[in-house]
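This report refers to the structure that appears directly beneath it.
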């Protein structure tokens, strides 16, 4: 059996198992009592990796959690039909995720994009994108002389996946740009 983790030892970005489901710790808040005999409480903001639900829950410091049977494998995005299909880079098997699991991250997926697939008890349950992805701009208005006074102006641009972002005025149609996967903001030329 995997080791046990005490609630007081749970840190941000850590994975643990609670009530037979894997969780990812988003934030931790520890409250130590001021009165004698009070118990130390640990408030966790946690995400259920199966349902994607996020909630806060308070535990006593001594409560124990199991270590989840989580494995992360490298995979390459192949195509989409009724689900999103990826190829495991180690076993070369096809891994399929449904649209609910991929969610808004579908706007950042292009052919051969490298991602990390999370597996819980052997079943694919989630996907992690790299910090930046490179996408091609399919449409943006041309910049005209005198558009900006300060030099920090931006314009709307549509990317090959349909995602719309703001880019600097000097970026043109057909250019490849880096997009930050968490904020979905322009991160530079590719």
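Answer yes or no as to whether residue 121 is at positive phi and touching a residue at least 12 places away in the same chain (Cβ under 8 Å).
For residue 121, the condition - at positive phi and touching a residue at least 12 places away in the same chain (Cβ under 8 Å) - is met.
Please work out which one of (1) at pLDDT 90 or above; (2) surrounded by 15 or more Cβ atoms within 10 Å (Cβ to Cβ) is the condition residue 169 fails and give its number.
Here residue 169 meets the rest and fails (1).
For residue 137, are the conditions met, namely being surrounded by 12 or more Cβ atoms within 10 Å (Cβ to Cβ) and closer than 25 Å to residue 23 by Cα?
no
Quick test of your reading of the structure: residue 48 fulfils all but one of (1) farther than 14 Å from residue 23 by Cα; (2) out of contact with any helix residue (DSSP H, G or I) (no Cβ under 8 Å at 6 or more places or on another chain). Name the failing condition by number.
Result: residue 48 fails condition (1) only.
Of all the residues that make up segment 1-42, how many are over 22 Å from the mean Cα position of the chain (by Cα) and surrounded by 16 or more Cβ atoms within 10 Å (Cβ to Cβ)?
4
Residue-by-condition table, conditions (1) closer than 22 Å to residue 159 by Cα; (2) in the same structural domain as residue 31 (by TED's automatic domain parsing):
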| position | (1), (2) |
| --- | --- |
| 61 | no, yes |
| 77 | yes, no |
| 82 | no, no |
| 88 | no, no |
| 93 | no, no |
| 105 | yes, no |
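Which pairs turn up if I take residues in segment 128-149 that are closer than 14 Å to residue 190 by Cα and in the same structural domain as residue 165 (by TED's automatic domain parsing) and look for partners that are at pLDDT 90 or above and exposed (fewer than 11 other Cβ atoms within 10 Å of the Cβ) with beta carbon separation below 7 Å, at least 6 apart in sequence or on another chain?
As it stands, the answer is 136/174; 137/174, since those pairs meet every condition given.
Each row is one residue, and each column tells you yes or no for (1) surrounded by fewer than 15 Cβ atoms within 10 Å (Cβ to Cβ); (2) modelled with pLDDT under 90; (3) over 24 Å from residue 161 (Cα atoms).
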| residue | (1), (2), (3) |
| --- | --- |
| 44 | no, no, yes |
| 54 | yes, no, yes |
| 65 | no, no, yes |
| 72 | yes, no, yes |
| 75 | no, no, no |
| 78 | no, no, no |
| 84 | no, no, no |
| 88 | no, no, no |
| 93 | yes, no, yes |
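Against the condition touching a residue at least 60 places away in the same chain (Cβ under 8 Å) and surrounded by 15 or more Cβ atoms within 10 Å (Cβ to Cβ), how does residue 109 come out, does it pass?
Spelling it out, it is not the case that residue 109 is touching a residue at least 60 places away in the same chain (Cβ under 8 Å) and surrounded by 15 or more Cβ atoms within 10 Å (Cβ to Cβ).
Within segment 42-60, count every residue that is within 12 Å of residue 29 (Cα to Cα) and either out of contact with any strand residue (DSSP E or B) (no Cβ under 7 Å at 6 or more places or on another chain) or free of Cβ contacts under 8 Å to residues at least 40 places away in the same chain (or both).
8
The values are calculated or read from the model by the stated rules, or taken from the named source; none is laboratory data. None of the values given here were measured: they were computed from a predicted structure. A quick note on method: Cβ atoms are made from the backbone with ideal geometry, for glycine too, and the neighbour counts reach across all protein chains shown.
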